[in-house]
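Nothing in this text is a laboratory measurement; each read-out follows from the coordinates by a stated rule. This structure is a prediction, so every number in the text was calculated from the model and none was measured. Here the Cβ is made from the backbone with ideal geometry for all residues, glycine too, and neighbour counts use every protein chain on show.
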Amino acid sequence: MSNKPTVVLVHGFWGGAAHWGKVIVELARKGYTSIRAVEMPLTSLADDAERTRKMVAQQSGPVLLVGHSYGGAVITQAGDLPNVVGLVYIAAFAPDAGESPGGLTQQHLPLAAPNLEPDSDGFLWLKPEKFHESFGQDLTPDEALVMAVTQKAPLASTFGDTITAPAWKNKPSWYQISSADRMIHPDNQKMMSARLNARKVITLDASHASLASRPAEVAALIDEAASEAIKTS
């Protein structure tokens, strides 16, 4: 029997489960045999949290939840399940009760805020020609092009959905700050990580897409969190 938990990876806005590709490979090399990546509809926090809860409930053993970007809000809302042993935030929102990703964003507008545009159906897009400089300036042009073309836009209203009961108040947490983030202001990340009382906070000189540009360091933090969470659960 493996002493490693199932790692459930939760993506953010303007991407899907495949954004975790490089981290998945790194975790597999570290001996993780049970890795799941949720594919969320990005239609509301309630819908996304429910999809994540269902994925967690399907796992027979302990689960470590990992959220990138908006995925941090999802694991905050969905993470207070009995088999969840910890929460890992990767350049992510970690809202408190009554807070929303949109409200937090307004406190410190990120550099790429002007590069978002809604369409006539209510979805919010990151302008494809601005994707590289906004989301992942430390990715190759080819990587950024694929992400731009395959981006998954959220319903804009999802930005305003608020957290009811933050799981980080009851579960141990870890946080990775991206100091060159243009999508979630680094000052917001510092504020959110500080109030988590996180077991460990690391800072990478990385873009918002640290899960793709710095997968080895991100996977190392997840591995450390998993080991500690299992020992203390």
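A simple spin-label model places pseudo-atoms 7 Å from Cα toward Cβ; at R29 and A216 they are separated by 0.7 nm. Distance between the pseudo-spin-label points of N83 and N3 (7 Å out from Cα toward the beta carbon): 2.1 nm. Our coupling estimate for region 213-218, obtained by passing each phi through the Karplus curve with A = 6.51, B = -1.76, C = 1.60 and θ = phi - 60°, is 8, 10, x, 5, 5, 5 Hz, Gly and Pro reported as x.
Multiplying the residue separation of S179 and E224 by 0.36 nm and subtracting their alpha-carbon distance yields 14.1 nm. Here the spin labels are modelled as points 7 Å beyond Cα on the Cα-Cβ line, and at A18 and N197 they lie 4.1 nm apart. Using a simple charge model, +1 on the beta-carbon of Lys and Arg, -1 on the beta-carbon of Asp and Glu, nothing else, what dipole does the chain show about its Cα centre, in debye to the nearest 20? For this selection, approximately 820 debye. Note on T164 and E133: with the Förster distance fixed at 41 Å, the Cβ-Cβ geometry gives a FRET efficiency of about 0.70. Between amide H atoms placed 1.01 Å from N, distances below 5 Å from T203 occur with I177, all of them 5 or more places distant or on a separate chain.
Estimated purely from DSSP H runs of n ≥ 4, each contributing -39500 (n - 2.57), the mean residue ellipticity at 222 nm for the chain is -10000 deg cm²/dmol once divided by its residues. Within the shell defined by Cβ-Cβ distances under 11 Å, the residues around T164 carry a net charge of -4, with Lys and Arg each +1 and Asp and Glu each -1. The amide H of K171, built 1.01 Å from its N in the peptide plane, has no neighbour under 5 Å, considering only residues 5 or more places off or on other chains.
Relative to the longest principal axis of the Cα atoms of the chain, the long axis of helix 45-57 lies at roughly 30 degrees.
Overall shape: oblate for region 1-87, with the ratio a/c of the largest to smallest alpha carbon gyration tensor axis at 1.5 or above and b/c at least equal to a/b. Given the alternatives (1) 19.6; (2) 17.2; (3) 17.6, Kirkwood radius over Cα pairs in Å as computed for this entry is given by (2). Seen from every direction in turn and averaged, the convex hull around the alpha carbons of region 137-233 projects onto 7.5 nm². In summary, the lysines within cross-link reach of K190, defined as a Cα separation below 26 angstrom excluding same-chain residues under 8 places away, comprise K22, K130, K169, K171, K200.
Fewest-first ordering of H11, H208, H132 by other beta carbons within 10 Å of each residue's beta carbon gives H132, H11, H208.
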